[in-house]
Amino acid sequence: PQKIIIDTDPGQDDAVAILLALASPELEVLGVVAVAGNVPLPLTEVNARKVVELSGRTDVPVFAGCATPLARPLVTAEHVHGKTGLDGIELPAPTLPLQAQDGVDFIVETLRREETGSVTLVPIGPLTNIAEAFRRAPDIITRVQQIVLMGGAYFEVGNITPAAEFNIYVDPEAAAEVFAAGVPLVVLPLDATHEAITSRDWVEGMRALPGRCGPAIASWTDFFERYDKEKYGSQGAPLHDPCTIAWLLRPDLFEGREINVEIETEGRWTMGMTVADWWRVSGRAANALFIRHLDRDGLFALLSERLARLP
Ligand code: BDR
Ligand code: CA
């Protein structure tokens, strides 16, 4: 199976991404590393442990990484995800322990231990841990197989400012370093993920699953959809983060272009913007596969089939 490390700030959509990965035998989740983002780190690491425990995969270690962005105070998104970051269903306090090792050190050590080019990083929160790992151990950069991340926006512009998507906005310095690192990048921006909107039927299908995970997923998306319904008039909840895992499983469901993407770290109005050279007008070399569209029916069929395998 494909080895991956999930770097995450759960987050209801992060939670679904983690469950999708754990339900997929093509993927071997070496670890889940929490980062500060949607809510502060003490909450995201607990949420990560709750989700892994819910899946029954308590063999998967959970770590805590960075508590603050590289160069700025943390900006959070309780207005989207609720006070806990994972509002929707009250899950018991996890018994799965937090690993004692620092999450960034875990990323470094894992990349050094595993064969070069065999580990894919899947960041679905701010890019702080990944950038910090590259700073601490530049030798690991060429060992990364690829980075498949949720972040950015171009035609869909921003969700936290008019120009910026949340994950990039929270730590633009980290994002700039990761995008410049020379690692093959697959970017799932809002342009694609705003097409991954749940339908009522799909959510009710989850709720009707016999195990404990389906109803939890339904309760998360019920909570999460309120914000997008009000804000954008969406019909349901956007499953941003699961798109990364779905891309690993079924890249044929997605459509994008190899282009140059630069991160704005200074703009007065545009800080955190992913300046995506979709029309290739800059002459700058491509550094990312920037996904623009996805097959919504195909994606939700995949999600249903996989998530139904969970306890
Ligand atoms: C991203 O920000 C977070 O709120 C979501 O979990 C997702 O990773 C969407 O902009
Ligand atoms: Ca996230």
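Remark: pairs (first residue in segment 8-24, over 14 Å from residue 243 (Cβ atoms); second residue within 9 Å of ligand 1 (Cβ to nearest atom) and aliphatic (A, V, I, L, M); Cβ separation under 8 Å; 6+ apart in sequence or on different chains) = 9/124. Considering segment 1-48, the residues that are more than 16 Å from ligand 1 (Cβ to nearest atom) and closer than 14 Å to residue 213 by Cα include one that is nearest to the chain's Cα centre (by Cα), namely 22. Among the residues in segment 72-95, are any touching a strand residue (DSSP E or B) at 6+ places or on another chain (Cβ under 9 Å) and either under 19 Å from residue 132 (Cβ atoms) or crowded, with 19+ Cβ neighbours inside 10 Å (or both)? Scanning segment 72-95 turns up at least one residue that is touching a strand residue (DSSP E or B) at 6+ places or on another chain (Cβ under 9 Å) and either under 19 Å from residue 132 (Cβ atoms) or crowded, with 19+ Cβ neighbours inside 10 Å (or both).
Of a type in the set (A, V, I, L, M), within 26 Å of residue 275 (Cα to Cα), crowded, with 23+ Cβ neighbours inside 10 Å and within 16 Å of the chain's Cα centre (by Cα): does that describe residue 153? Break it down into steps so the answer makes sense when it comes.
Details: of a type in the set (A, V, I, L, M): yes; within 26 Å of residue 275 (Cα to Cα): yes; crowded, with 23+ Cβ neighbours inside 10 Å: yes; within 16 Å of the chain's Cα centre (by Cα): yes.
Yes, satisfied.
Does residue 304 satisfy the criteria of being surrounded by fewer than 20 Cβ atoms within 10 Å (Cβ to Cβ), part of a helix (DSSP H, G or I) and more than 17 Å from the chain's Cα centre (by Cα)? Yes, satisfied. Given the structure, is residue 197 farther than 26 Å from residue 78 by Cβ and within 16 Å of ligand 1 (Cβ to nearest atom)? No; evaluated as a whole, the condition is false for this residue.
Considered as a group, the residues in segment 137-175 that are of a type in the set (D, E, K, R) and farther than 14 Å from residue 127 by Cβ include one that is farthest from ligand 1 (Cβ to nearest atom), and that residue is 139.
Tell me yes or no: at least one residue of segment 136-149 is within 14 Å of ligand 2 (Cβ to nearest atom) and either at negative phi or part of a helix (DSSP H, G or I) (or both). Looking through segment 136-149, at least one residue is within 14 Å of ligand 2 (Cβ to nearest atom) and either at negative phi or part of a helix (DSSP H, G or I) (or both).
Taking the condition farther than 22 Å from residue 62 by Cα, within 16 Å of ligand 2 (Cβ to nearest atom) and either assigned to a loop (DSSP other than H, G, I, E, B) or touching a residue at least 60 places away in the same chain (Cβ under 8 Å) (or both), does residue 154 pass? Here the answer is no, as residue 154 does not meet what is asked. Cβ-Cβ below 6 Å, separation at least six or inter-chain, first residue in segment 217-234 and over 21 Å from residue 205 (Cα atoms), second crowded, with 18+ Cβ neighbours inside 10 Å and at pLDDT 85 or above: which pairs? Final answer for the pair search is 227/80. If I filter segment 252-263 for residues that are under 27 Å from residue 54 (Cα atoms), in contact with an Asp or Glu (Cβ under 6 Å, 6 or more places away or on another chain) and not polar (S, T, N, Q), do I get at least one hit? No: zero hits. Filtered by the rule that a residue be surrounded by fewer than 20 Cβ atoms within 10 Å (Cβ to Cβ) and in a helix (DSSP H, G or I), segment 275-299 gives 296, 297, 298.
The values are calculated or read from the model by the stated rules, or taken from the named source; none is laboratory data. It should be emphasised that the depicted structure is a prediction, and the values quoted were computed from it without experimental measurement. When we count neighbours, we look across all protein chains shown, and the Cβ atoms used for this are built from the backbone with ideal geometry, even at glycine.
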